[in-house]
Amino acid sequence: MAETIVELESADLTLGSGASSVRVLKGMNLKVQAGQSVGIVGPSGSGKSTLLMVIAGLERLDAGKIHVAGEPLHELAEDELAAVRGRSIGIVFQSFHLIPNMTALENVAVPLELAGRTDAFERARAELEAVGLGKRLSHFPGQLSGGEQQRVAIARALAPDPALIVADEPTGNLDGDTGRQIADLLFSKQAERGGTLILVTHDETLANRCDRQVSVRSGEVVGDSLAPADDRKTVVA
């Protein structure tokens, strides 16, 4: 049986306070096996992005448990959480989140340097070459297209060789063709490295490319199914 890499038990989270508070996750239970690709789908406001941020260790639960790569994130202090993210979790955001006054190479290398890697720039260079940006190392984010910026973000996420990649609407800010190229890149890198990919998306086609779809509504899992076999991880030439 495959190892469980993510497990939520009775996960509960309320955001805001007083009259404006919203219970975003409502006693959620979820397991993800190592090596799976999982698409989290659901309407806006359903809690799917918050769920992803909990899995990434960027939001803390009010109650319940969350284990990622064997680590009890609900028990860890902030510096311990940061260490887990640095070695085990790669994060790709819809809006790239690159540092504007740093080059592509520096954007990928800095997290590696913070994690104490002595080969940070060599590793960063190799990852950028692997995503097709070997000739754009010295370019700043403002000099790159949206698709190129997302490739930098993917290289940054992959550089520590994490067991888990989480992606929040990774194609949401891109045109259709560029979005398909980015999706191809994510799935090919997952397959190549044998990692786990969890992504949030409104795109049904992208969700169908995952091994599994988890439907979220009003902070609860309301559906969990395998994607059609013919659609999974199809790579567009």
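The values are calculated or read from the model by the stated rules, or taken from the named source; none is laboratory data. Because the structure is predicted, anything quoted here is derived from the model rather than measured. Neighbour counts run over all protein chains shown; Cβ positions are idealised from the backbone, glycine included. Calculation scope for accessible area: heavy atoms of the full protein, side chains included, ligands and nucleic acids excluded. Shrake-Rupley method; radii C 1.70, N 1.55, O 1.52, S 1.80 Å.
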Check on Ser10, without any contact (Cβ under 8 Å) to a residue 60 or more places away in the chain, of a type outside the set (Lys, Arg) and farther than 21 Å from Ala183 by Cβ: yes
Criterion: within 21 Å of Gln150 (Cα to Cα), among the small types (Gly, Ala, Ser) and in contact with a Gly (Cβ under 9 Å, 6 or more places away or on another chain) - qualifying residue of Gly39, Gly90, Gly47: Gly90
Odd one out for Met102, checked against (1) at pLDDT 95 or above; (2) farther than 29 Å from Asp203 by Cβ; (3) open to solvent by 60 Å² or more (accessible area, probe 1.4 Å); (4) part of a loop (DSSP other than H, G, I, E, B): (3)
Any hit, segment 56-73, residues being in contact with a helix residue (DSSP H, G or I) (Cβ under 6 Å, 6 or more places away or on another chain), open to solvent by less than 30 Å² (accessible area, probe 1.4 Å) and either without any contact (Cβ under 8 Å) to a residue 40 or more places away in the chain or not in a helix (DSSP H, G or I) (or both): yes
Filtered residues of segment 130-173 (kept if closer than 20 Å to Leu197 by Cβ, open to solvent by less than 30 Å² (accessible area, probe 1.4 Å) and more than 13 Å from the chain's Cα centre (by Cα)): Val131, Gly147, Val152, Ala159
Output for segment 111-151, where each listed residue is over 20 Å from Asn173 (Cβ atoms) and of a type in the set (Ser, Thr, Tyr): Thr118, Ser138
Verdict on Gly86 being surrounded by 13 or more Cβ atoms within 10 Å (Cβ to Cβ) and modelled with pLDDT under 95: yes
Residue identified as out of contact with any strand residue (DSSP E or B) (no Cβ under 9 Å at 6 or more places or on another chain), at pLDDT below 95, more than 17 Å from His97 (Cβ to Cβ) and open to solvent by less than 30 Å² (accessible area, probe 1.4 Å) among Gly179, Gly195, Gly116: Gly179
